[in-house]
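Asker: The structure's right below; bear with me while I get my questions together.
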Amino acid sequence: MTAIELPSYLDQSEAVSARFDKLKQREVILEVKHLGKQFNSQQGLVTALRDINFKTHRREFVCVIGPSGCGKSTLIRILAGLESPSSGEVLLDNKPVFEPGPDRGMVFQGYTLFPWLSVKHNVMFGLEMQGHTKATAESEALNWIDLVGLEKFADAYPHQLSGGMKQRVAIARALANKPRILLMDEPFGALDAQTRSKMQANLIEIWRNIDITVLFITHDLDEAIYLADRILVLKANPGEVEELIEVPVPRPRTADQVISPEFLATKKRLEELIHPPTAEDDTDELHMIRMTHVGDDVEVMD
Amino acid sequence: MSQSTRWFAVRQALTRKQVTTLTLLSFLLPILVWSLVSYVPFLWHPKIEIVEPGSITWLKPGMLVEQQVFLDQQLLAAEQKTAPPEGFRANPIYLPAPHEVATAFYTAFTTEPTRSSEQWLHESLWHSIQVIFWGFTLSSLIGVPLGVLCGTYVAISRLQEPFIEFFRYLPAPAFGALAVAILGIHDGPKIAIIFIGTFFQQVLIIANTTRKLDVALLEAALTLGAKKFQLLFRVVIPGILPDLYRDQRILLGWAWTYLIVAELIGTSSGITWFITQQARYKNFDNVYAAIIMIGIIGVVSDIVLARLGKRLFPWEKEQVKG
Ligand SMILES: Nc1ncnc2c1ncn2[C@@H]1O[C@H](COP(=O)(O)OP(=O)(O)O)[C@@H](O)[C@H]1O
Ligand SMILES: [Mg+2]
């Protein structure tokens, strides 16, 4: 097999480049400045994040990717206001963020629907907290449930739904508050591959149709490239920004693009960043022969 | 292997029929043992019930004597060539046969109190139920909210729980005399004992249940814009409600165990008093009937509450038992 000559991930077609130029003209929704976070743990002070800086523009789709334990969840929890930073600040529409609020919607990896509320009442929850009347909250909620395609399940309880359906409700519930930004922490991580790709397509569809900025955490490279305008790559120990990649794959995205040169070039770059070839890799070899010696006639033919 | 033949699969649900069979068996087996001991003469039956005293003057018909004593008297009569006593093997008086207890279920209600100051069985039962009700209700009125607050706010927990942890080790019965001195001799001190026995456990158990609520639900509510009291009333309370209800059912069972103590202080009354009195008069069939009645009241009320719980909390997943 001959190696295919890939373009650089930095090469952008004219259309893509024009799109990024326009995107950067838009107002900044979220700005993270010199953000740092340290935890007091048994092993002493752990630096989870160090000097993180980035901006997201209106209606941009940003993915955050990085090895497990690099601080992705910590970052998004700080953005949501569920944790406070040790240093630096987070600005939403140029105003500092201190606490959780309905201007930042969040979808968690685990299922966090309220089990005692039906789908409809789950989606109404935020609206009622905002002081909307029951009637307005209900009609609003039904619209959002429609949007995520669950109108038949409006009166079902969460335990009657599949994992994918639960996450769709969670998205509807977060969006119903009309947040400035939607924060998603590996929302599809627990779903099977088929459901996951359906959910990705749904999410893109929703994002194209409403005025929402998305910050999406994942550890799945394909997912990040398929969804994102830009990908923020974090490295671990301490969590720092490794690179901010502009995805050169044109929109609208389709599943076929996974074998397009732009897609592969981007994936190659992400792989270099996330799994850098190091001396450590030697230890990845398993000492198979010791435990699995089998007869010659059943040997795998390489 | 077919599903219905598997009785001993580890933590696998059984079929409906299997469950019904086992439920029936769980009651039938003890009754069977009891019947065997009662009706099969050579099983146990350590006594002899006298039918005909013969020449032994101190024996009376209907008297229960030890077998050895009876045999000695028979020998004695034989030696003296007088009429031997006659009798049959019987169980001690404290083990009435099932049919006697079954009859007592009816006759216990019709047994007139020996003294006018004493209560009929139905009055005793009703009295006990009222004492339990008030003791448990008063305890819950304070204990449940306090438990929820302790489980929600660390400051309240730190302020209350150390003292409660200490107090729950003090045995409720020890407060009997004090309760009488303060609350008089009637139902006051009885209710107080049930309260003391229930309350402290209740706060701790419900605080724990509240703490078990998934923090992620609270965080989700925060990101949806919920504030202080909305978190408490719209998330914490509905979130723990099914578990809280289950705790209350268990605690209600405990409250019954304090009844025994409660009813023996001050003026004796209620079902435990009925039982002690009947035991004193050696009406052991009434004693068993009354004890079983408490069991039936307990089980039936728990089944009713469990059914009600299913209605009240339709979002709860079915819990498979065994
Ligand atoms: N509450 C906490 N206390 C102590 N250490 C924490 C806490 N939360 C996260 N960490 C540490 O911070 C690092 C980043 O965690 P996390 O943000 O969950 O990573 P990721 O989501 O990228 O897998 C990890 O080393 C983790 O152990
Ligand atoms: Mg994480």
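Asker: May I ask you to say which residue of B:Thr257, B:Thr209 is at pLDDT 95 or above and either assigned by TED's automatic domain parsing to the domain that holds B:Phe274 or surrounded by 22 or more Cβ atoms within 10 Å (Cβ to Cβ) (or both)?
Answerer: Of the residues listed, the single one that is at pLDDT 95 or above and either assigned by TED's automatic domain parsing to the domain that holds B:Phe274 or surrounded by 22 or more Cβ atoms within 10 Å (Cβ to Cβ) (or both) is B:Thr209.
Asker: Quick test of your reading of the structure: B:Gly62 fulfils all but one of (1) over 17 Å from B:Phe284 (Cβ atoms); (2) surrounded by fewer than 12 Cβ atoms within 10 Å (Cβ to Cβ); (3) free of Cβ contacts under 8 Å to residues at least 40 places away in the same chain. Name the failing condition by number.
Answerer: Unmet for B:Gly62, out of (1) over 17 Å from B:Phe284 (Cβ atoms); (2) surrounded by fewer than 12 Cβ atoms within 10 Å (Cβ to Cβ); (3) free of Cβ contacts under 8 Å to residues at least 40 places away in the same chain: (1).
Asker: Do we have A:Ala80 as within 12 Å of ligand 1 (Cβ to nearest atom) and either of a type in the set (A, V, I, L, M) or touching a Cys at 6+ places or on another chain (Cβ under 7 Å) (or both) here?
Answerer: no
Asker: Give the residues of segment A:122-142 that are within 12 Å of another protein chain (Cβ to nearest Cβ) and surrounded by fewer than 19 Cβ atoms within 10 Å (Cβ to Cβ), sorted by residue number.
Answerer: A:Gln130, A:Gly131, A:His132
Asker: I've got another one for you. So A:Gly105 ticks every box in (1) facing chain B (nearest Cβ under 8 Å); (2) at pLDDT below 95 but one. Which box is left unticked?
Answerer: (2)
Asker: Given A:Glu280, A:Glu242, A:Glu223, which one is part of a strand (DSSP E or B) and either modelled with pLDDT under 95 or within 16 Å of ligand 2 (Cβ to nearest atom) (or both)?
Answerer: Result: A:Glu242 is the single residue among A:Glu280, A:Glu242, A:Glu223 that is part of a strand (DSSP E or B) and either modelled with pLDDT under 95 or within 16 Å of ligand 2 (Cβ to nearest atom) (or both).
Asker: Restricting segment A:149-197 to residues that are away from chain B (no Cβ under 14 Å) and charged (D, E, K, R), which is nearest to ligand 2 (Cβ to nearest atom)?
Answerer: Going through the qualifying residues, I end up with A:Arg196.
Asker: Could you figure out which of (1) surrounded by fewer than 21 Cβ atoms within 10 Å (Cβ to Cβ); (2) part of a loop (DSSP other than H, G, I, E, B) isn't true of A:Ile204?
Answerer: Unmet condition: (2).
Asker: Would you pick out the residues in segment A:116-133 that are in a helix (DSSP H, G or I) and either of a type in the set (A, V, I, L, M) or at pLDDT below 95 (or both)?
Answerer: Of everything in segment A:116-133, those that are in a helix (DSSP H, G or I) and either of a type in the set (A, V, I, L, M) or at pLDDT below 95 (or both) turn out to be A:Val119, A:Val123, A:Met124, A:Leu127, A:Met129.
Asker: Give the number of residues within segment B:204-228 that are in a helix (DSSP H, G or I) and within 11 Å of chain A (Cβ to nearest Cβ).
Answerer: 9
Asker: Taking helices (runs of 4 or more DSSP H) that fall entirely within segment B:96-178, which contain at least 3 residues that are outside the structural domain of B:Leu218 (by TED's automatic domain parsing)?
Answerer: Here the list reads B:98-110.
Asker: Test A:Ala80 against the criterion of being modelled with pLDDT of 95 or more, farther than 22 Å from A:Thr218 by Cα and either open to solvent by less than 20 Å² (accessible area, probe 1.4 Å) or in the same structural domain as A:Lys55 (by TED's automatic domain parsing) (or both), and give yes or no.
Answerer: In short, no.
Asker: Name the pairs: first residue in segment A:70-97 and closer than 12 Å to A:Leu49 by Cβ and part of a loop (DSSP other than H, G, I, E, B), second residue more than 8 Å from ligand 1 (Cβ to nearest atom) and polar (S, T, N, Q), Cβ to Cβ under 6 Å, at least 6 apart or on different chains?
Answerer: So the pair list comes out as A:Ser86/A:Gln38.
Asker: Among what's in segment B:69-95 and is assigned to a helix (DSSP H, G or I) and among the polar types (S, T, N, Q), pick the residue that is surrounded by the most Cβ atoms within 10 Å (Cβ to Cβ).
Answerer: Looking at the filtered set, the residue picked out is B:Gln73.
Asker: Here is a follow-up. Using the structure shown, decide if A:Gln38 is over 19 Å from the mean Cα position of the chain (by Cα), without any contact (Cβ under 8 Å) to a residue 24 or more places away in the chain and within 16 Å of ligand 1 (Cβ to nearest atom).
Answerer: no
Each row is one residue, and each column tells you yes or no for (1) within 16 Å of ligand 1 (Cβ to nearest atom); (2) open to solvent by 10 Å² or more (accessible area, probe 1.4 Å); (3) not assigned by TED's automatic domain parsing to the domain that holds A:Gly71.
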position	(1), (2), (3)
A:Ala190	yes, yes, no
A:Arg208	no, yes, no
A:Arg230	no, yes, no
A:Gly239	yes, no, no
A:Val249	no, no, no
A:Pro252	no, yes, no
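Asker: Kindly establish whether A:Val97 is buried (at least 20 other Cβ atoms within 10 Å of the Cβ), touching a strand residue (DSSP E or B) at 6+ places or on another chain (Cβ under 7 Å), more than 8 Å from chain B (Cβ to nearest Cβ) and not polar (S, T, N, Q).
Answerer: In short, yes.
Asker: Separate question: Scanning for something surrounded by fewer than 17 Cβ atoms within 10 Å (Cβ to Cβ), more than 30 Å from B:Ile271 (Cα to Cα) and of a type outside the set (Asp, Glu), does segment B:166-181 turn up at least one residue?
Answerer: yes
Asker: Does B:Phe199 qualify as being open to solvent by 60 Å² or more (accessible area, probe 1.4 Å) and either in a helix (DSSP H, G or I) or without any contact (Cβ under 8 Å) to a residue 40 or more places away in the chain (or both)?
Answerer: Here the answer is no, as B:Phe199 does not meet what is asked.
Asker: Now for a different question. Can you tell which of A:Gly36, A:Gly69, A:Gly44 is surrounded by 18 or more Cβ atoms within 10 Å (Cβ to Cβ) and either more than 14 Å from every other protein chain (Cβ to nearest Cβ) or within 16 Å of ligand 2 (Cβ to nearest atom) (or both)?
Answerer: The unique qualifying residue is A:Gly36.
Asker: Right, another one. Being within 22 Å of B:Phe200 (Cβ to Cβ), touching a residue at least 24 places away in the same chain (Cβ under 8 Å) and open to solvent by 60 Å² or more (accessible area, probe 1.4 Å) is the requirement here; does B:Asp243 meet it?
Answerer: For B:Asp243, the condition - within 22 Å of B:Phe200 (Cβ to Cβ), touching a residue at least 24 places away in the same chain (Cβ under 8 Å) and open to solvent by 60 Å² or more (accessible area, probe 1.4 Å) - is met.
Asker: Taking only pairs six or more apart or across chains, which ones have beta-carbon atoms under 7 Å, a first residue in segment A:1-23 that is assigned to a loop (DSSP other than H, G, I, E, B), and a second residue that is modelled with pLDDT of 90 or more and open to solvent by 90 Å² or more (accessible area, probe 1.4 Å)?
Answerer: A:Leu6/A:Lys268
The values are calculated or read from the model by the stated rules, or taken from the named source; none is laboratory data. Worth saying up front: this structure is predicted, and the values here are computed from it rather than measured. As a convention, Cβ positions derive from the backbone with ideal geometry for all residues, glycine included, and neighbour counts pool all protein chains shown. Side chains are part of the model used for accessible areas, which takes the heavy atoms of the whole protein and leaves out ligands, DNA and RNA. Shrake-Rupley method; radii C 1.70, N 1.55, O 1.52, S 1.80 Å.
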